[in-house]
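Notes follow the structure.
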Amino acid sequence: MPGSAPVLGAFYGLLSALVWGSGDFAGGLATRRASVFRVLVLTSLVGLLVLLLIALALREPWPSWADLAWAAAAGTSGAVGLAALYRGLSMRTAAIVAPTSAVVGALFPVVVSLALAGLPTPTQSAGILIGLGGIWLVTRSELKGHAQTREGLILALASGVCFGGYIIFISRVSNGSVFAPLAAAKAVATVVALGLLAARRLPLLSPRENPVALAAGVLDAGGNVFFLLASRVTRLDVAAVFSSMGPAVTVVFSALLIHERVSRRQWLGVGVCLLATALLAI
């Protein structure tokens, strides 16, 4: 691996965290004004359009059947994960949902990468334990008899598992192109979202009705691009944990822009989660 690759991988990973975290905030905000399934369809359609137009403009080759299969698996997992995440964020529990989802989502790629590339170092092992401690700090002060927060935690765990699956699946796509396989994954995610919407007999969401959802779709697509670039120049676990720092952006926006209450213990938990991702990346 060239000497500049780890630095470039960290750069792309942090960019994905910034863009994904902003998109998650926008998606949670949009879900407060409309059903999560209506928002999911609109964000998926917007992301698909952006990725498809760029792939066509760059004349990228269409992915192989194997790459399409990996992209389809990633798209399905990502759609379910986004639905769970947006629902959790809409419940005003961002300080619980975002970090928990991120740490759980990072653990799966870390385990897979370590199984393929070698056993964990002592630092990485410490990062896993500290990450679990961070989740405990984030959730402990809110779980006592609070049904809404318990539901938020369940949604966070579900979204984390799905996002971990997305990261693993999309990283298996070959290096021939970037935007085309992501467009394929987003197409499958859109079909899944439309199926969820149809099952609940809900109408499509108009862009004029919820313009914040448009921003969420564009930002989600951008985060996907930067993550895929990161995974191609550095280890999968490193790319995953750097991109999982996105919840810091989500929580800060939630606290500053919509004045969501975040306790000191939860802020500490967020910090511990971010420390865990840094240790896992070493």
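The values are calculated or read from the model by the stated rules, or taken from the named source; none is laboratory data. Just so it is clear, the structure is predicted and the values come from calculations on it, not from any experiment. No Cβ is skipped: glycine too gets one built from the backbone with ideal geometry, and neighbour counts run over all protein chains shown.
With the requirement that a residue be crowded, with 19+ Cβ neighbours inside 10 Å and either at pLDDT below 75 or β-branched (V, I, T) (or both), what does the range 100-111 give you? Steps first, please.
First pass over the range 100-111, keeping only residues crowded, with 19+ Cβ neighbours inside 10 Å: 100-110.
Answer for the range 100-111, where residues must be crowded, with 19+ Cβ neighbours inside 10 Å and either at pLDDT below 75 or β-branched (V, I, T) (or both): T100, V103, V104, V110.
Considering each of A198, A240 in turn, give the residue that is buried (at least 24 other Cβ atoms within 10 Å of the Cβ) and either modelled with pLDDT of 80 or more or within 13 Å of V41 (Cα to Cα) (or both).
On the way: A198 fails: buried (at least 24 other Cβ atoms within 10 Å of the Cβ).
It is A240.
Applying the selection to the range 179-222, what residues are part of a loop (DSSP other than H, G, I, E, B) and without any contact (Cβ under 8 Å) to a residue 40 or more places away in the chain?
Of the range 179-222, the ones part of a loop (DSSP other than H, G, I, E, B) are 200-210.
Those that are part of a loop (DSSP other than H, G, I, E, B) and without any contact (Cβ under 8 Å) to a residue 40 or more places away in the chain: R201, S206, R208.
What single numbered condition from (1) of a type in the set (A, V, I, L, M, F, W, C); (2) at pLDDT 80 or above; (3) buried (at least 19 other Cβ atoms within 10 Å of the Cβ); (4) farther than 30 Å from R264 by Cβ fails to hold for A73?
Result: A73 passes all but (3).
Mind listing just one residue for me: the one in the range 1-17 that is at pLDDT below 90, within 19 Å of A221 (Cβ to Cβ) and of a type in the set (A, V, I, L, M) and, of those, nearest to the chain's Cα centre (by Cα)?
For the range 1-17, the residue satisfying everything is A17.
Collect the residues in the range 256-282 that are of a type in the set (S, T, N, Q) and surrounded by fewer than 20 Cβ atoms within 10 Å (Cβ to Cβ), keeping them in residue-number order. Before you say what the answer is, go through the steps one by one.
Looking only at the range 256-282, we keep the residues that are of a type in the set (S, T, N, Q), and these are 263, 266, 277.
Once the filter is applied, which keeps residues that are of a type in the set (S, T, N, Q) and surrounded by fewer than 20 Cβ atoms within 10 Å (Cβ to Cβ), the range 256-282 yields only S263.
Looking only at helices (runs of 4 or more DSSP H) that fall completely inside the range 1-101, which ones have 1 or more residues that are in contact (Cβ under 8 Å) with a residue 60 or more places away in the chain and among the acidic types (D, E)?
On the way: elements: 5-31, 36-57, 65-89.
In the range 1-101, the matching helices (runs of 4 or more DSSP H) lie at 5-31, 65-89.
Kindly provide the set of residues from the range 138-178 that are outside any helix (DSSP H, G or I) and either more than 25 Å from T43 (Cα to Cα) or at pLDDT 85 or above (or both), ordered by number. Talk me through it step by step, then tell me what you get.
Residues of the range 138-178 that are outside any helix (DSSP H, G or I), as a first pass: 141-146, 172-178.
Within the range 138-178, S141, E142, L143, K144, G145, H146, R172, V173, S174, N175, G176, V178 meet the criteria.
List the number of the failed condition for F253; all other conditions in (1) touching a residue at least 12 places away in the same chain (Cβ under 8 Å); (2) surrounded by fewer than 16 Cβ atoms within 10 Å (Cβ to Cβ); (3) in a helix (DSSP H, G or I) hold.
(2)
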